[in-house]
1. Return the sequence-ordered ³J(HN,Hα) values of region 15-29 in whole Hz as given by the Karplus equation 6.51 cos²θ - 1.76 cosθ + 1.60 applied to θ = phi - 60°, using x for Gly and Pro.
2. For the peptides 28-36, 124-132, what is the packing order when you average, over each peptide's residues, the other Cβ atoms within 10 Å and list the highest mean first?
3. Under a no-solvent Debye model with one identical scatterer per Cα of the chain, what's log10 I(q)/I(0) at q = 0.11, 0.17, 0.18 Å⁻¹?
4. Pull out the extension gain between residue 203 and residue 154, defined as 0.36 nm times the separation in residues minus the alpha carbon to alpha carbon distance; nm, one decimal.
5. Taking the Cα atoms of region 98-223, report the difference between the largest and smallest coordinate on each principal axis, in whole Å and largest first.
6. Sorted from fewest to most neighbouring beta carbons within 10 Å, what does the list 64, 192 look like?
7. Order these by the 10 Å Cβ neighbour count, fewest first: 211, 18, 61, 190.
8. Could you state the per residue volume, in Å³, of the convex hull enclosing the Cα atoms of region 160-223?
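Just so it is clear, none of the values below were taken in a lab; they were calculated from the coordinates. Note that the structure is predicted; figures quoted are calculated from it, not measured. Glycine also receives a Cβ, built like all others from the backbone with ideal geometry; neighbour counts cover every protein chain displayed.
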Amino acid sequence: MKPNRNRGGVFISVEGPDGAGKTTQLQMLQDKLEEHGLEAVMTREPGGTVIGEQIRKILLDPKFTEMTVICEVLLYSAARAQLVAEVIRPALLSGQVVLCDRFVDSSTVYQGYAGAEDPGRIKEINLWAVGGLLPDRTILLNIDAEAGLDRLRKKRQGPAPAGDRMEQKALAFHRRVQEGFLQLASQEADRFCIIDAAQDLKAVHRSIWEDVRPLLQERALIT
Ligand SMILES: Nc1ncnc2c1ncn2[C@@H]1O[C@H](COP(=O)(O)OP(=O)(O)OP(=O)(O)O)[C@@H](O)[C@H]1O
Ligand SMILES: [Mg+2]
């Protein structure tokens, strides 16, 4: 299935390794949009729907050590299919801005580039799941695996954090995640904007805003 872009609202996703600052920056972006009188729809992946939240519990439960990568791919894409159908597509059709904390690219990278399944096939399955919908813009928060994981450790304020099932994977895996995101961004340079997420919070926010603002102005959503 060929990717397509929505025609109504604006669809923005934020991607990047664990601890890059995605959730923090999305919150800051949402606040900024509110200052401009725009109420954005924020989603979280996996989850964001009643069915998706149930799938999320299975995916992140540390006790499921036997889960295969293919099972992961299908569960993530199932949750995403539901999120697009119930939340994202209706919001875009009604002209709203949708901010998504991770989307298809996370599957391609985590289960593909880092998880050793075929990235092309994962993308294909996901495009089928979401009816070909891809973001208008994807912000890649680029950070070294160690630095991202360090931030998460600090956040929990403990020396030996348990973390969820995805976070417990080895450092080598997280390095492949960072590499994978950069590769994907170079393949789809038009859609991606790479931002140095090692900068301080405000600097990262400014870089995101500089990228997103013209897009919203183009669509006459802000002045
Ligand atoms: N630019 C920054 N400088 C310093 N600390 C930061 C920065 N961005 C985020 N943090 C801190 O790092 C931690 C992780 O941030 P956040 O939860 O936003 O990352 P994330 O990318 O959403 O992580 P995850 O992949 O686990 O969802 C938080 O404690 C946050 O306050
Ligand atoms: Mg987060």
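1. 10, x, x, 4, x, 5, x, 4, 5, 4, 5, 5, 4, 5, 5
2. Working: 28-36: 14.9, 124-132: 18.1.
By packing density, highest mean first, the sequence is 124-132, 28-36.
3. For the requested q values the scattering log ratios are -0.51, -1.32, -1.48.
4. In short, 15.6 nm is gained.
5. For region 98-223, the Cα extents along the three principal axes come out at 48, 37, 22 Å.
6. Numbers: 64 13, 192 21.
By the 10 Å Cβ count, ascending: 64, 192.
7. Details: 211 15, 18 20, 61 12, 190 6.
Listing 211, 18, 61, 190 from fewest to most nearby Cβ atoms yields 190, 61, 211, 18.
8. On the way: hull volume 9.1 nm³, N = 64.
Hull volume over Cα atoms, normalised by residue count, gives 142 Å³.
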